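Just below is one structure, and these are the notes that go with it.
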Amino acid sequence: MVLLPGMVAGLLLARHFNAPEVMLLAGAVTLGVLSLIANRLRSAAWVWLGSFILSTTLAFWAYGEIRLPEQPDARALTMPEREATLTLEIERVLNPINQFRKSSGIARVKSATPTSPVQRGALVYFRIKTPEAETLEIVRGQKLQVTGVLYPIIVEVGEDSFESYLKAIGIHYRFERTSELTVLKAPAAFDRFCMQMNERFQEYLRLGAPADTHLTKIYVAMLLGRKGELTDEQNDRFRMTGTMHFFAISGLHIGVIATVIAQCLMLIRVPRHLSPFIGLPLLYLYVEITGASPSAVRAFIMAAFFWASYAIVRQRSPIGALAASAVAVLIIVPEQLWSLGFQLSYIVVLSILLFGIPLYEALGQRYRPYKLLPEANWSSQQRTIAWLSDKLLLLFAISFSAWLASTPLSAGLFGFIAPGAILLNMLLVYLAALTITGGVIGLSFATVGLTALCGFLNHSAWVCLAAMDNLVRANITIPGSIIHCDQFPQSISYLTVVGFLSILIWLHQDRMRFKTRAVLIAPSFVILMVGLGYLMHAL
């Protein structure tokens, strides 16, 4: 956990300031030795902590200088589009080939013509048209030589668009209107297998679907992360209500699927300390089949750290697993720090762990029904009421803490606040979990040839999805459920997030604070800062 602040600070410095790597590494080693000496001598804790954070900051400043892609010159982005021949290695396929024989995704440039504004190692967003005479599929892992036109991506400050997402992850050019195409390297057998399984899974998820239903698009989008399956109306509806996260393969999906796998392994009597060695490869296979999106990989890494602790018989710490997964992700792909998905996922999960779970425990102790009656004497009706009360408090605490963490960024980056998302997510999370559980079990049955069972389970999933879709439609019609605030200051958004997390860390130092009015500081601070930003926008 202590490593993460220095890591983030170092990467931020590397993004905005250049410095000699040798000098940075020398300073990091010196401060690292000082932190070891301070720890051995048991001197003041702040001496060790300060020297350690400064050491990691300098070390990752140097790491960022080496690993982060170079930012293009501002003048280069104002130049008109130009033709170039690029050698591309496909990293992600966002949309497979459509009826116009076009496929889009993200690729890394391996080589480029001398006049090209993009250099070796840069990422580009491509939209490639395959030759009509060939049955060519664009697959992750392919290496292609393509001639086309490079367009600079230019976005306005605070703009909420797909182009702004591309800029945030370090992509500054679109590569389109392609003509000549040569396959230099075929994808690996594993990548081809994952693509074929993805296509087969889509067929399985549509088994038994009525011809006029719109739910299959939502079903495929939720289970396989294929947001392109959603219509524009569905996409806008889920985005504006703060429920679009159900269609990104992330923590909810990975957590539910990991639980399903763990329960199946328990049923066949696999020892708990061996289950991660079987379950994690199966979980990673699902991540790869769905396209290995950054959100899915982040969630898998976090689950791997937590689940692997069972194998090595260590104390399990969700916060430690969260921090370790963030460090691992930033070491592998440091530019993820500027991805809004990365920021939201870790901020929201940290808020749930530091605020949501303790709040649930505090509310449970205060509002638990029948506290004065021994549990052994409860009737079946009382047990049912107590169980429902407990689940409602848990859902409220998780939904409220997630909403608090995401609201500042939603206001500053998307231009709206969704108070209705608190209640809506409480209602949807169990429905989504049931849909994912039924879908994964159905896909498992279909994979071994039991397609009839898969079709039967698909109908149960569509019932849940119909309820989810109707709840989302109803939420939009409620006055005040969505508050628009275009041009909300982004500086206020990030200051609010930093202050909110600082308050959570302070609250976490003493759980007794959650039993007092001190717990109101965190939500009050967020509401006050968001209100201030809204007034600044209005004036």
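Overview of values
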{"item": "Count of residues meeting criterion [in contact (Cβ under 8 Å) with a residue 24 or more places away in the chain, of a type outside the set (Lys, Arg) and either under 21 Å from Ser293 (Cβ atoms) or in a loop (DSSP other than H, G, I, E, B) (or both)] in the stretch 174-198", "result": "13"}
{"item": "Flag for Leu68 being in contact (Cβ under 8 Å) with a residue 24 or more places away in the chain and over 21 Å from Ala326 (Cβ atoms)", "result": "no"}
{"item": "Residue identified as free of Cβ contacts under 8 Å to residues at least 60 places away in the same chain and outside the structural domain of Lys143 (by TED's automatic domain parsing) among Leu11, Leu31", "result": "Leu31"}
{"item": "Selection status of Val29, out of contact with any strand residue (DSSP E or B) (no Cβ under 7 Å at 6 or more places or on another chain) and either hydroxyl-bearing (Ser, Thr, Tyr) or modelled with pLDDT under 85 (or both)", "result": "no"}
{"item": "Qualifying positions in the stretch 499-520 - aliphatic (A, V, I, L, M) and crowded, with 16+ Cβ neighbours inside 10 Å", "result": "Leu501, Ile503, Leu504, Leu507, Val519"}
{"item": "Pairs, first in the same structural domain as Arg101 (by TED's automatic domain parsing) in the stretch 114-131, second crowded, with 19+ Cβ neighbours inside 10 Å and among the basic types (Lys, Arg), C-beta under 9 Å, six or more apart", "result": "Val124/Arg174; Tyr125/Arg174; Phe126/Arg174; Arg127/Arg174"}
{"item": "Of all residues in the stretch 267-322 being of a type in the set (D, E, K, R) and at pLDDT 80 or above, the one that is nearest to Ile90 (Cα to Cα)", "result": "Glu288"}
{"item": "Which listed residue is β-branched (Val, Ile, Thr) and part of a helix (DSSP H, G or I), from Ile218, Ile249", "result": "Ile218"}
{"item": "Selection count where residues are crowded, with 21+ Cβ neighbours inside 10 Å and either within 25 Å of Leu215 (Cβ to Cβ) or at pLDDT 85 or above (or both), scope the stretch 412-435", "result": "8"}
{"item": "Filter pass, Phe201 being crowded, with 18+ Cβ neighbours inside 10 Å, at pLDDT 85 or above and either in contact with a Cys (Cβ under 8 Å, 6 or more places away or on another chain) or not polar (S, T, N, Q) (or both)", "result": "yes"}
{"item": "The stretch 2-50, residues that are over 25 Å from the mean Cα position of the chain (by Cα), of a type in the set (Gly, Ala, Ser) and in a helix (DSSP H, G or I)", "result": "Ala26, Gly27, Ala28, Gly32, Ser35, Ala38, Ala45, Gly50"}
{"item": "Residue satisfying condition, being touching a residue at least 12 places away in the same chain (Cβ under 8 Å), over 21 Å from the mean Cα position of the chain (by Cα) and crowded, with 17+ Cβ neighbours inside 10 Å, within set Ala248, Ala262", "result": "Ala262"}
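The values are calculated or read from the model by the stated rules, or taken from the named source; none is laboratory data. Here the structure is a predicted model, which means the values were calculated and not measured. All Cβ positions, glycine included, derive from the backbone under ideal geometry; neighbour counts span all protein chains shown.
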